[in-house]
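Read through the structure below, which is laid out as structure tokens, and then see the notes.
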Amino acid sequence: MTTTTTTTSPLREIHDPTTGFTALVHVPPANPSGETEEVALPLLVYLHGAGESGNNVRDLISEGATGTPVVELEYKRALPILSSRFVMVAPQTNHGWRPEKVHQFLDFLLSGQQQHG
């Protein structure tokens, strides 16, 4: 699995070699109360519409995608509950959302094979 982080974006990229999906990921910052105990967070998987289909996952952050979780997190305009209490993953496809591929991608996410950075 490949993980990429840019210095200006709060989102990082992951790639699932099985499905071929590349995704943008948001993981909330550490617990502000200073507790070291890991807390299970809900997972929000955002599946884009036809307008964001393509081969460049950063295209999910486009003018036409205004208001999507990806855009709002990228520009730090997301509701506080989204930015602090949810893990958000936004994969990209250029051939539609086949249920079996989405299921495989969810297995990849939940397996812990991706690195958190």
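The values are calculated or read from the model by the stated rules, or taken from the named source; none is laboratory data. The model shown is predicted, which means the values in this text are computed figures rather than measured ones. Cβ coordinates were reconstructed from backbone atoms using ideal geometry, including for glycine residues, and neighbour counts include every protein chain displayed. Ligands, DNA and RNA are excluded from the accessible area calculation, which covers all protein heavy atoms including side chains. Shrake-Rupley method; radii C 1.70, N 1.55, O 1.52, S 1.80 Å.
If the condition is being aliphatic (A, V, I, L, M), open to solvent by less than 60 Å² (accessible area, probe 1.4 Å) and in a helix (DSSP H, G or I), then the stretch 76-99 contributes only LEU82.
Residues being of a type in the set (S, T, N, Q) and either open to solvent by less than 30 Å² (accessible area, probe 1.4 Å) or over 18 Å from ASN94 (Cβ atoms) (or both): count how many of those fall in the stretch 40-70.
The initial filter retains those residues of the stretch 40-70 that are of a type in the set (S, T, N, Q), namely 53, 55-56, 62, 66, 68.
After this cut, where a residue has to be either open to solvent by less than 30 Å² (accessible area, probe 1.4 Å) or over 18 Å from ASN94 (Cβ atoms) (or both) as well, the list is 66, 68.
Within the stretch 40-70, residues that are of a type in the set (S, T, N, Q) and either open to solvent by less than 30 Å² (accessible area, probe 1.4 Å) or over 18 Å from ASN94 (Cβ atoms) (or both) number 2.
Yes or no, residue by residue, for (1) modelled with pLDDT under 85; (2) assigned to a loop (DSSP other than H, G, I, E, B); (3) of a type in the set (D, E, K, R); (4) more than 12 Å from the chain's Cα centre (by Cα):
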{"position": "GLY20", "(1), (2), (3), (4)": "no, yes, no, yes"}
{"position": "ALA30", "(1), (2), (3), (4)": "yes, yes, no, yes"}
{"position": "GLU37", "(1), (2), (3), (4)": "yes, yes, yes, yes"}
{"position": "ASN55", "(1), (2), (3), (4)": "no, yes, no, yes"}
{"position": "LYS101", "(1), (2), (3), (4)": "no, no, yes, yes"}
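The listed residues are LEU24, LEU73, and the only one of them that is surrounded by 18 or more Cβ atoms within 10 Å (Cβ to Cβ) and either touching a Ser or Thr at 6+ places or on another chain (Cβ under 7 Å) or hydroxyl-bearing (Ser, Thr, Tyr) (or both) turns out to be LEU73.
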